[in-house]
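Encoded as structure tokens, the structure appears first; notes follow it.
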Amino acid sequence: MEALVASGRIRPFAAPSNAGSRTRSFVRVQDGCDNGCAYCIVPLVRGGDRSVHADRVISEVAGKASRGYNEVVLTGTEIGGYHSNGIELGRLLERLLAENRRPPPAPVLSSAAGGQSGLLEPWRDGRLCRHFHLSLQSGSDSVLERMGRRYSAGDHQRAVSQIREAVPGAAITTDVIVGFPGETESEFAESYDFSGEWVSAGSTSSSTRPAPVPGPPPCPAR
Ligand code: SF4
């Protein structure tokens, strides 16, 4: 074996090590939630909504940059609800961008973030990742109400339009729950149609089929 290595015909195997090799790091800026959606256990297990002081977030991100990380992902249970001493998420991002030349923070935002004024302005700085996650959960307003969500399908669509206008080419992802207890066939159809419009309006990828597949939903009506 030593002879083969010495001849250069094979190279010795080195087990991958995480130490010093990662380029992405995570900084939790918010935890918990006060919303109490009907299907969610998060408020029970993570407690109420609370945010990390902006100064601490900025110094943590600066520390990551000095240790060589090229990307920082800001995380939170309900990150759109970030607020600390009058600073909301948009302002936090502005400060991070102004006070750290690198790395670029890359927050993934939830639906509540859509309503904050000025939230999208920091995306004029190309260092922010152009990815937004807005949980839809249902395209039926009556189901959303029973779920305890605080927006309508129309609100969601408006938030998506705002993002598309302010951050062209942004990736927008979502979650949809089907079969929520009590969901009727017509509510399912409403949600199905809404989701189809949503994907059709947004998809520019030739590798996806943006329109819903024709035919009935795969599960039998209850
Ligand atoms: S907003 Fe999100 S985390 Fe909070 S209760 Fe609803 S689903 Fe759970």
| said: I'd like the projected area of the range 23-112, averaged over all directions, using the convex hull of its alpha carbons. Report it in nm² with one decimal. | reply: 5.9
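Multiplying the sequence separation of TYR192 and VAL178 by 0.36 nm and subtracting their Cα-Cα distance, what value in nm do you get?
Residue separation times 0.36 nm, minus the Cα-Cα distance, leaves 4.1 nm.
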| field | Amide H contacts under 5 Å for VAL178, placed H, 5+ residues apart | value | none
| request: Report the residues of the range 44-73 in range of a label on ARG102: point 7 Å along Cα→C-beta, backbone N strictly under 19 Å from it. | output: 59-73
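Each reported figure results from applying straightforward, stated rules to the coordinates on display, with no laboratory input. Computed from a predicted model, the values in this text were never measured in an experiment. Cβ: placed from backbone, ideal geometry, glycine included. Neighbour counts: every protein chain shown.
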